[in-house]
Ligand code: F1P
């Protein structure tokens, strides 16, 4: 086994540091070519992991900048453009793709160039010289976050971090930029704990997993599910945390492990949901901060470092969830580097 996946999971602190070094200059160059107004709308798009990234990015971006932001799968841009694009607001589309060669992303970019010329498109990719880079006037390229693996781990967190940095810069939130700059060190310090989390919760026989998250963490929960599915084929699903009671809770059994990506702001809601899941015999694991007093006393808590806002902490949830998928795959005898039925890029 070459173990590219494990290497890339562990490379996140170092690669985040690199991203934070190169993004400011790249953004300054891009920004010069854009005419932004208070009513500019931002659309984030991609496929698979890059779509889930788009979902988190849109929520984080709107929260910090106040600009309308939404996320759509790349195919929707050329299949259903009139239900996706605004008729009135000037629009910027972030087209996200690790490879920069996924067909739907390139087709979306072409469609915008041909039919919606006023829309500015910014390509976000980890592959220098890719078609996405060539076909977009503006692009953000993070080659140090490229991967040998099929499954995306560090590319997800690095591209999300880059977009967060842009949001914070646009909003002139130096406090948040300072928080983002602390992430590499905090991730480094918590990496061993994240690996231990993966070993603990990925190494037993639970047949099914559910991931829950609110707001921007919903996209992270989706991505955690995709990682587990790609690497292990284990049954797993994701929901908005408070939506879970509205039907999905029916499938909870003693063997169901419900992993909640818990923020600090809504801890009481999370706690009450956790108790309801336990009341129907489900196992609950919360990922939250050490000082989250409402949840810290609960059973099954994985403590993330303190001292960051919920907004800035987002990518810090991911290494533990990457390790979980990796450990589960190893336990089941799968090669995490070679997921079933998948290749790095989908070409239509
Ligand atoms: C997107 C993607 C991956 C997925 C699979 C196929 O790739 O859907 O998320 O794991 O390998 O491609 P990209 O457009 O970000 O390169």
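Order of 95-102, 283-290 by packing, highest average Cβ count within 10 Å first? The partial results should precede the final answer.
Working: 95-102: 27.2, 283-290: 22.1.
Per-residue Cβ counts within 10 Å, averaged per peptide and sorted highest first, yield 95-102, 283-290.
Hey, how many Å between the Cα centroid of the range 273-320 and the Cα centroid of the range 326-348?
Using only Cα atoms, the two centres lie 27 Å from each other.
Helix 217-232 versus the longest principal axis of the chain: what angle, 0 to 90°, nearest 10, using Cα atoms?
70
Helix-only mean residue ellipticity at 222 nm, the chain, DSSP H runs n ≥ 4 weighted -39,500 (n - 2.57), per residue, nearest 500. What is it?
So the helix-based figure for the chain works out to -15000 deg cm²/dmol.
Report, in cubic angstrom per residue, the convex hull volume of the C-alpha atoms of the range 242-332.
Details: hull volume 9.5 nm³, N = 91.
Roughly 104 Å³ of hull volume per residue.
Considering the zone a paramagnetic label at residue 250 would reach in this model (a point 7 Å from Cα along the Cα-to-Cβ line), which residues of the range 261-297 have amide N under 18 Å from it?
277, 280-282
Computed over the Cα atoms of the range 88-190, what is the ratio Rg over Rh, Rh following Kirkwood?
On the way: Rg = 15.2 Å, Rh = 14.9 Å.
The Rg/Rh ratio comes out at 1.02.
Per 0.36 nm of contour for each residue apart, how much would the distance between residue 347 and residue 192 grow if the chain were fully extended, relative to their Cα-Cα spacing? Can you show the working numbers first?
Numbers: separation 155, 0.36 × 155 = 55.80 nm, distance 3.69 nm.
Fully extending the segment from residue 347 to residue 192 adds 52.1 nm.
Kindly list the residues of the range 319-348 that lie in the label zone of residue 110, defined by a backbone N under 11 Å from the point 7 Å along the Cα-to-C-beta vector.
348
Need one number for the chain: average projected area of the convex hull over its C-alpha atoms, nm². Display every interim value, and only then the final one.
Working: hull surface 65.7 nm².
Dividing the Cα hull surface by four gives the mean projection, 16.4 nm².
Between residue 291 and residue 242, what FRET efficiency follows from the Cβ-Cβ distance if R0 is 25 Å, with the result rounded to 0.05? Walk me through the numbers on the way to the answer.
Values: r = 23 Å, r/R0 = 0.93.
Plugging the Cβ-Cβ distance into 1/(1 + (r/R0)^6) gives 0.60.
How would you classify the range 226-294 from its alpha-carbon gyration tensor, with a ≥ b ≥ c the square roots of the eigenvalues: rounded for a/c under 1.5, else prolate if a/b is greater than b/c, otherwise oblate? Write down the numbers at each step before the final one.
Working: a/c = 1.90, a/b = 1.33, b/c = 1.43.
Since a/c reaches 1.5 but b/c is at least a/b, the shape of the range 226-294 is classed as oblate.
How would you rank 188, 306, going from fewest to most other Cβ atoms within 10 Å of each one's own Cβ? Could the numbers behind the result be given before it?
Working: 188 15, 306 12.
Result, fewest neighbours first: 306, 188.
Suppose a student asked you for the relative contact order of the range 1-77, using Cα pairs under 8 Å spaced at least 6 residues apart; what percent would you report? Don't skip to the end; give the middle numbers.
Values: 59 pairs, mean separation 19.7, N = 77.
It rounds to 26 percent for the range 1-77.
If each of residue 31 and residue 272 carries a label point 7 Å out from its Cα toward its Cβ, how far apart are those two points in nm?
The modelled label-to-label distance comes out at 4.2 nm.
Can you sort 266, 115, 246 from fewest to most other Cβ atoms within 10 Å of each residue's own Cβ? Working shown, then result.
Numbers: 266 17, 115 12, 246 9.
In increasing order of surrounding Cβ atoms, one gets 246, 115, 266.
Size of the range 216-264 along its principal axes in angstrom, Cα-based, largest extent first?
27, 27, 16
Using alpha carbon centroids, what distance separates the range 150-225 and the range 1-48, in Å?
Comparing the Cα centres of the range 150-225 and the range 1-48, I get a distance of 13 Å.
Test of understanding: ordering 140, 172, 107 by Cβ neighbours within 10 Å, fewest first, what list do you get?
Values: 140 25, 172 11, 107 16.
Fewest to most other Cβ atoms nearby, the residues stand as 172, 107, 140.
Hey, what's the per residue convex hull volume over the C-alpha atoms of the range 196-348, in cubic angstrom?
Hull volume over Cα atoms, normalised by residue count, gives 120 Å³.
Please give the length that would be gained between residue 128 and residue 2 if that part of the chain were fully extended, namely 0.36 nm times their separation in residues minus their C-alpha to C-alpha distance (nm, one decimal). The partial results should precede the final answer.
Values: separation 126, 0.36 × 126 = 45.36 nm, distance 2.39 nm.
Value of the extension gain: 43.0 nm.
What per residue convex hull volume, in Å³, do the alpha-carbon atoms of the range 1-139 yield? Present the calculation step by step, with values, prior to reporting the outcome.
On the way: hull volume 17.1 nm³, N = 139.
Once divided by residue count, the hull of the range 1-139 is 123 Å³.
Relative to the longest principal Cα axis of the chain, at what angle does helix 154-170 sit, 0 to 90 degrees, rounded to 10?
The angle comes out near 60 degrees.
Any chance you could list P(r) for the range 18-73, counting all Cα-Cα pairs in 10 angstrom bins from zero, rounded to whole %?
23, 41, 36, 0
Taken together, the values in this text are just the output of simple stated rules run on the coordinates, not laboratory data. A quick note: this is a predicted structure, and the numbers were derived from the prediction, not measured. Cβ coordinates were reconstructed from backbone atoms using ideal geometry, including for glycine residues, and neighbour counts include every protein chain displayed.
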